[in-house]
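> First the structure, which I've put down as structure tokens, then a few questions once you've had a look.
Bear in mind these aren't lab numbers, they're just calculated from the coordinates by the rules spelled out. Owing to the predicted nature of the structure, the values given are computational and were not obtained by experimental measurement. All Cβ positions, even for glycine, are placed from backbone atoms using ideal geometry, and neighbour counts span all protein chains on display.
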Amino acid sequence: IFPISQAQAVQRAGRAGRTSAGICFRLYTKEQYENEMLEASVPEIQRTSLSRVVLHVRSLGIREVNSFRFLTPPSNSALSQATKELWMLGALNDENELTKVGKLMLAFPTDLVLSTFLIDSAELGCSEEAISIVALLCVEYRKIIDFSRNHSENNLKLEKFYICGSDHLTLLNIYEHYQKNPLSDDWTRSNNMSQKIFREAEKIRIQLQEIFSRLKFPLKSCGRDFNAVKRALALSHFMKSARMNGICEYVPLLQHRTPVKLQKASAVSMSHSADYVIYHDIVGIGSDREYLSVATEVDPNWIIEKKPQLFLVFDSHHEEIGLPSGDYSTNDSVESTCISPSDDNFSGEVQQRILPPFESVVHKFRNLKSKKSKISIQYSGSS
């Protein structure tokens with residue numbers, strides 16, 4: 001949602017008298033029109049994420065994205081940010097080349113993070129659950145359950161569907177009950193849900209299943225092994241991960257943001273050990289009340305599994321245990337900082353390797369996981 005401009009306001013008002021006399025009701029004040037609205041709207045390509053746009057350009061074999069002739073050229077910084085995000089998601093490798101994962105992402109008509117979630121779910125044997133979750137996130141799921149309103153009559157009725165520690169799994173649980181109920185119309189009506197939203201989600205789900213079949217991806221269910229779903233969420237959403245900073249308050253790990261709150265009816269608030277979560281989105285950005293929308297408690301080991309070089313890892317004594325920069329030797333004396341794509345050294349069009357090998361660090365990290373130690377993590381680019 002983006003506010004209209006003054007030019008759009010004038011153009012839309014003109015529709016009222018186009019064929020006959022009409023009245024235009026403006027849902028804003030004259031002060032808002034004069035002081036808050038832009039004279040002309042900013043093109044969408046200059047105000048939204050360019051990750052999918054850059055991915056499509058790269059799939060055409062165009063390596064120098066900055067030289068591509070866009071109708072409305074985005075800024076170089078926006079293109080570099082999009083390239084960085086693609087590298088973090090695994091769509092580009094360290095040589096800035098399109099990967100197999102990047103090509104697979106293009107097959108899905110979803111947000112790239114959700115596309116990654118679907119790809120990871122196929123490997124972890126929970127694709128049926130992932131497809132349902134993605135389908136629900138692509139529709140107005142708030143008409144099924146509104147996690148922002150904890151005292152509403154609707155949410156009180158839905159408490160029986162809650163899965164402790166996960167809004168994603170709560171949505172999935174509701175959808176599975178809807179599928180199993182032979183009188184779905186009566187069921188949705190009795191639970192104050194929108195039948196239309198479920199039908200829209202079902203259409204998207206069928207579309208995603210067809211894509212899986214075309215890619216020869218396995219369509220498997222993990223049953224009640226929700227750890228498989230949580231791990232797939234953590235692996236794909238590590239860019240949208242956060243660490244607890246107080247009661248129902250979290251700090252996003254890979255973004256320089258102030259702490260944000262959980263939504264009032266989030267299932268994560270039912271858990272007393274949700275030190276780390278991943279989330280679908282942050283709502284209320286720019287206001288004094290920002291909230292994590294659709295969150296799930298996850299193991300921090302899963303968050304750092306794909307890109308361990310982005311994080312600093314500490315043990316229970318707050319002693320750093322790995323993920324250094326520079327020389328990745330096998331000795332135990334390591335540096336305490338590491339290169340990350342957020343550093344000034346990162347360039348979206350680099351021709352050489354972005355990062356040095358980190359096999360010894362991963363080996364050390366895996367040894368730690370085998371001991372089931374409790375760890376804490378932070379972004380390596382943070383102070």
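> If neighbour count is taken as other Cβ atoms inside 10 Å, put 239, 37 in order from fewest to most.
Ordered from fewest to most neighbouring Cβ atoms within 10 Å, 239, 37 come out as 37, 239.
> Just to confirm the filter: which GluC sites (Glu not before Pro) across the stretch 56-97 are DSSP coil and have at most 16 other Cβ within 10 angstrom of their Cβ?
Of the GluC sites (Glu not before Pro), the ones in loops of the stretch 56-97 whose Cβ has at most 16 other Cβ atoms within 10 Å are 64, 95, 97.
> Then there is this: Return the sequence-ordered ³J(HN,Hα) values of the stretch 116-125 in whole Hz as given by the Karplus equation 6.51 cos²θ - 1.76 cosθ + 1.60 applied to θ = phi - 60°, using x for Gly and Pro.
5, 4, 5, 5, 5, 5, 5, 6, 9, x
> Need one word for the stretch 46-194: rounded, prolate or oblate. Basis is the Cα gyration tensor (sqrt eigenvalues a ≥ b ≥ c); a/c below 1.5 gives rounded, then a/b vs b/c decides.
Prolate is the answer for the stretch 46-194, as a/c is 1.5 or above and a/b outweighs b/c.
> In whole Hz and in residue order, list the ³J(HN,Hα) couplings for the stretch 187-196 that follow from phi through the Karplus curve 6.51 cos²θ - 1.76 cosθ + 1.60, θ = phi - 60°; x for Gly and Pro.
Residue by residue, the stretch 187-196 yields 5, 5, 5, 5, 9, 6, 10, 9, 4, 4 Hz.
> Please identify the GluC sites (Glu not before Pro) of the stretch 6-39 that satisfy two criteria: DSSP loop assignment and at most 16 other Cβ atoms within 10 Å. Which are they?
36, 39
> Could you list which residues have their amide H under 5 Å from that of residue 245, counting only those 5 or more apart in sequence or on another chain, with H placed in the peptide plane?
It is 250, 251, by chain and number.
> Right, another one. Among 283, 268, rank each residue by its count of other Cβ atoms within 10 Å, from fewest to most, as a rough exposure measure.
In order of increasing Cβ crowding within 10 Å: 283, 268.
> Same structure, new question: What ranking of 297, 123, 210 emerges when the number of other C-beta atoms within 10 Å of each C-beta is taken as an exposure proxy, fewest first?
The order, fewest Cβ neighbours first, is 210, 123, 297.
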